[in-house]
Amino acid sequence: MVNYNTGTVVLGTVAAGLITYKLWDACRNWRLRWRLFKLPGPRASSLLMGNIEVIKTPIHQQFKAWSEQLGSVYRFRILDRMVVVLTDPETSKYLKPGPTYMPKAWRVYQGFRKISGNDIESILTAPENEYWKSVRRGLAPAFAVNNLKQVFPEAVALSRSAADYLERTGGQAVDIDNIAQRITVDVIGKMVFGMAFNACKFEAYNEPLDIVSNLLTSMQGLGLNPLNRYFPFLEKPRKFRYWCKRYGELAERVVRNAQDCPPPPNSIMASLLSIKDPSTGKPLNLEQLKSEVALLLVAGFETTAHSIAWTLMCLSTHEAAMRRVEEELASLGLLSTKDKPARALDWGDLGRLKFLDAAINESMRLLPVTSSGSGREARDDINVEGHVIPKGAVVMLPTYTIHRNKKVWGPDADEYKPERWLGESGNEGGATRRPGYQPFSLGPRDCGPISGGA
């Protein structure tokens, strides 16, 4: 007689169930899969896992390497999932309203549904239904210029405190990205939620910063192994659930604080509290508010902070560009020296800093924080460069690859050159928005207000 222990039986049952489900799913979608296999694609490194190298190599670099090898239209496979990748800058038209518009692929954003611990939709993860329209419409006025002006002095003061802290370090090595995150967390706390997170106490532990950092790290770890979604008892899925729970508790504190101490009129949190769920006609409930708050914080602070850090890194490694920024600041009295302190930055200065604006645009072109781009779904069959992208296909438009396209940016597309954003006179600014420039995506599902507004 053969003895089977309980663990073996359970594992065998789970494996059998998983195989049965995948076979059923493969049969159900066989036509779509067959059509996708007709597209060019890299050779699978594993019969079972498919192109597993995409999760072993930084994904944005892998997309670019495949694009150079296969062209601007290709597909790859991870386990049973097939994804189409489009890298020509002209394909950005699929992000904008029109006959070829592609809505977001809900499957790509499932991890973000769970970050507040309640697994419900938010403005990021919801399909383009009445709920999504209500939230986007309700939040739009809060991003008006006059509202941003109100928090500008706070942002300047926090930046000044960061500069003072750096001066006190006496030239020692510091983590600039961490400092940028602390500034951004506090600006968002004030601008979005009307509460102080106190992240700019630079040498002190900060709970919101710690929770968000661990949440995103655990989310990334979860995605590195596609088997994690089938085995929730493994370490990485358990760690992700733990940090989702912690983050949900933080989001609930923010919501209850806003309910107890009403935020200023026209602030983002006040706008959120005024939105009504179209399915009930009532204000958003606690779980819905937690989901939206969780998204606004994580989307706003990470993207903005990393963009700041990348820009500073690019400038610090390109002496000529740094010198031009310094000259521009000095011409406006904004460069602090040993002999002459800088005057206070005001709102009107932002429009005068042409080269700094170009430097920021160029860093976001070369090093976009949403490097793998947006996940979309084809609503109909679409012909792209002689290839048919079938209806229902999940499509990625990787920003990192699109932003380095030599047909658009020239043979020096991989080089940091802020001057490419300037007018003919060299100082008039006004970045020429070339096809495909989309650091925060484009169209109705762009992240500009959420990310850039901060």
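Please treat every number below as a calculation from the coordinates, not as lab data. None of these values were measured; they are calculated from a predicted model. Heads up, the Cβs are rebuilt from the backbone with ideal geometry, glycines too, and the neighbour counts pull from every protein chain shown.
Given the pairs K245/K290; K93/K407; K133/K391; K56/K236, which span a C-alpha to C-alpha distance of over 19 angstrom in this model? Violating the 19 Å Cα-Cα cut-off are K133/K391.
What's the angle, to the nearest 10 degrees (0 to 90), between helix 59-70's Cα axis and the longest principal axis of the chain? Helix 59-70 and the main axis of the chain meet at about 70 degrees. How big, in percent, is the set of alpha carbon pairs in segment 179-246 lying more than 17 Å apart? In whole percent, the long-distance tail amounts to 51.
Bridgeable lysines around K149 (alpha carbons under 18 Å apart, same-chain partners fewer than 8 residues away excluded): K190.
With Cβ to Cβ distances under 11 Å as the rule, what net charge do the other residues near L86 carry (K, R +1; D, E -1)?
0
Of the Cα atoms belonging to the chain, the radius of gyration and Dmax stand at 23.8, 90 Å. Cross-link partners of K406 among aspartates and glutamates, defined as those whose alpha carbon lies under 16 angstrom from its own and excluding same-chain residues fewer than eight positions apart: E68, D88, E90, E362, D414, E415. Taking 0.890 mPa s as the viscosity and 25 °C as the temperature, the Stokes-Einstein diffusion coefficient of segment 106-204 based on its alpha-carbon Kirkwood radius rounds to 152 µm²/s.
With an 8 Å Cα cut-off and a minimum separation of 6 or more residues, compute the relative contact order for the chain in percent. Display every interim value, and only then the final one.
On the way: 634 pairs, mean separation 100.1, N = 454.
Dividing the mean separation by the residue count of the chain yields 22 percent.
The value for segment 139-298 of Rg(Cα) / (2.2 N^0.38 Å) is 1.19. For the peptides 383-391, 279-287, 350-358, the ranking by packing is 350-358, 383-391, 279-287, with the highest mean count of neighbouring Cβ atoms within 10 Å listed first. Each part reduced to its alpha carbon centroid, segment 47-84 and segment 291-309 end up 27 Å apart.
Put a plus charge on the Cβ of each Lys and Arg, a minus charge on the Cβ of each Asp and Glu, and nothing anywhere else: the dipole of the chain about its Cα centre is then about 1600 debye. With +1 on each Lys and Arg Cβ and -1 on each Asp and Glu Cβ, how big is the dipole of segment 177-223 about its Cα centre, in debye rounded to the nearest 20? Dipole of segment 177-223, to the nearest 20 debye: 120 debye. With neighbour counts taken as other beta-carbon atoms within 10 Å, the residues V84, V156 rank, fewest first, as V156, V84. For segment 254-375, compute Rh as the Kirkwood radius over C-alpha pairs and then the Stokes-Einstein diffusion coefficient at 10 °C and 1.306 mPa s; write the answer in µm²/s, rounded to an integer. Value of D from the Cα-based Kirkwood radius: 88 µm²/s. Among the chymotrypsin sites (Phe, Trp or Tyr not before Pro) in segment 211-294, those located in a DSSP loop and surrounded by at most 12 other Cβ atoms within 10 Å of their own Cβ are F233.
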